[in-house]
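Here's the structure, in structure tokens; my notes come after.
The values are calculated or read from the model by the stated rules, or taken from the named source; none is laboratory data. Predicted model, so just to flag it, every value in this text is computed and none were measured. So basically every Cβ, Gly included, is an ideal-geometry build from the backbone, and we count neighbours across all protein chains shown.
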Amino acid sequence: MNARVVAWHLLRETRILTRRAVLRAVRDADLQPRDRSLLVHILGAELRRRTALRAIAEHYAERRLRPDVALFAHIGLAQLLFLDDVPDHAAISETVESARTALGERPSAAVNALLRRVQREVRRGASGDVRRDVPVADIHFEQAVFADPVAHWLLWAEQALSLPVPIGRRWRNRLGAETAEGLARSMIEPPDVSLLVLRGEVGLVAQELADSSPRPSAHPRMLLFPAASLRTVRASDALRRGDAVLLGEALVRAAELVGAAPGERVIELRARMRSPNPALAQSGADVVLHGLESAPTTGFDAAFLAAPSSDTGILGARPQARWRFDAARSAALATAQVSLLTRAAAAVRSGGRLVYATRSIEPDENQRRIRAFLATEPEWSLAAEIESLPAVRGASGPVDGGYAARLERR
């Protein structure tokens, strides 16, 4: 199987793509490095632009496409419109051939007709008509493809910005349409790279990584890099030596809110247990990692809970999170967050403190969750809280959005 067929199988069979599923598919198909890279880029473009691709395919298709045929249309459009390294002729011919291999002659002919129609209609640059312009892509169509945002803002945002209506409605009602649109635009592409310097001078690390175009962050111990520099930064000597680590500013500031001091016993609760949050580890405290499945022991000076959340503050880094945001998942997250907050609080001694953090920007997972907890736990009080919206690309950060609250026990 080639990269396009593997992408089709993954998108058809896996509702929520995971890194594990992609790695398994790559191994099973024995893809070579070039095809692996193409697969990752196709999947990334499809996840980030899914409803835009759907709107474009539905507009230019001669007739309604079957779901399995529509997926090949998405795969072809993702290359044609958003992967500059793939020539148009290859995007079309290779996708059509893959569709022919998987589905047969007639479905592949439908994909071919659609892709060639789009190729004829797409133009470089912006037209000034938001119904024709493709956001964050510098291309437009000869015809109006997307809804009119004046009459149907939520539909336009879902089609043009691939912002699902349940998220778009929340953001528009709370933040206003302009801010909601800005957030959605900033999350279409991968975010800038955020680096926490653990040891040494920040300026010296910046000099060492000068070829990766570092710039200062709002956090004094952090540097930011263009998203295209991720691979270079990840392979740098600074990370290999342990002098720096890739970490979002919102999560760094959440850990710093604990105020951990040398000699204190601090418990950190989170799903993935590899090593403590570097901001906690740097404090000199005795940090104990604990999973989310069982109740921790008691008597800790402080607890840091990185709670599972909808991840709406990091949709740029985790685009798949936007497609699993629904009522059922929100209810499951609420149950988990309440349970974990109660367990984390029970681990803290009298006079201790607890920091609850998420990578969400939804009040019902953040401020309202904390207010509800405090209403039933009179021995706890709110000492401080931080809410961060992800900044636009090229700004001073944070690149990630999230929330953190510090609670203190009497």
- line: Result of the Cβ filter at 9 Å on region 334-348, keeping first residues that are closer than 11 Å to residue 307 by Cα and partners that are modelled with pLDDT of 95 or more and part of a helix (DSSP H, G or I), at least 6 apart or interchain, is 334/369; 337/369; 338/369; 338/372; 338/373; 341/369; 341/370; 341/373
message: Restricting to region 323-354, count the residues that are among the aromatic types (Phe, Trp, Tyr) and in contact with a helix residue (DSSP H, G or I) (Cβ under 6 Å, 6 or more places away or on another chain).
response: 1
query: Which of the residues spanning region 291-346 are in contact with a Lys or Arg (Cβ under 6 Å, 6 or more places away or on another chain) and among the polar types (S, T, N, Q)?
result: 309, 337
query: residue 305: within 18 Å of residue 355 (Cβ to Cβ), surrounded by fewer than 20 Cβ atoms within 10 Å (Cβ to Cβ) and not charged (D, E, K, R), yes or no?
result: no
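Please work out if residue 21 is part of a helix (DSSP H, G or I) and either under 20 Å from the mean Cα position of the chain (by Cα) or at positive phi (or both). Talk me through it step by step, then tell me what you get.
Numbers: part of a helix (DSSP H, G or I): yes; either under 20 Å from the mean Cα position of the chain (by Cα) or at positive phi (or both): yes.
So residue 21 passes the test.
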- request: Output the number of the condition that residue 252 fails; it satisfies all remaining conditions of (1) surrounded by 14 or more Cβ atoms within 10 Å (Cβ to Cβ); (2) β-branched (Val, Ile, Thr); (3) free of Cβ contacts under 8 Å to residues at least 24 places away in the same chain.
  value: (3)
task: Please tell me if residue 43 is in the same structural domain as residue 80 (by TED's automatic domain parsing) and either within 17 Å of residue 70 (Cβ to Cβ) or of a type in the set (Ser, Thr, Tyr) (or both).
output: yes
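Going by what's in this entry, would residue 163 be described as outside any helix (DSSP H, G or I) and under 21 Å from the mean Cα position of the chain (by Cα)? Before you say what the answer is, go through the steps one by one.
Values: outside any helix (DSSP H, G or I): yes; under 21 Å from the mean Cα position of the chain (by Cα): yes.
Judged against the criteria, residue 163 is a match.
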query: In region 198-247, which residues are of a type in the set (A, V, I, L, M), under 28 Å from residue 44 (Cβ atoms) and not in a helix (DSSP H, G or I)?
result: 209, 218, 222, 223, 224, 235, 244, 245, 246, 247
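Can you spot a residue in region 93-103 that is part of a loop (DSSP other than H, G, I, E, B) and crowded, with 17+ Cβ neighbours inside 10 Å?
Quick first cut of region 93-103, residues part of a loop (DSSP other than H, G, I, E, B) only: none.
Within region 93-103 (the criterion being part of a loop (DSSP other than H, G, I, E, B) and crowded, with 17+ Cβ neighbours inside 10 Å), the answer is no, since none of the residues qualifies.
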Criterion: within 30 Å of residue 179 (Cα to Cα) and at pLDDT below 95 - qualifying residue of 355, 392: 392
- line: Taking first residues from region 22-42 that are under 13 Å from residue 85 (Cα atoms) and second residues anywhere that are crowded, with 18+ Cβ neighbours inside 10 Å and modelled with pLDDT under 90, the pairs with Cβ under 7 Å that are 6 or more apart or on different chains are none
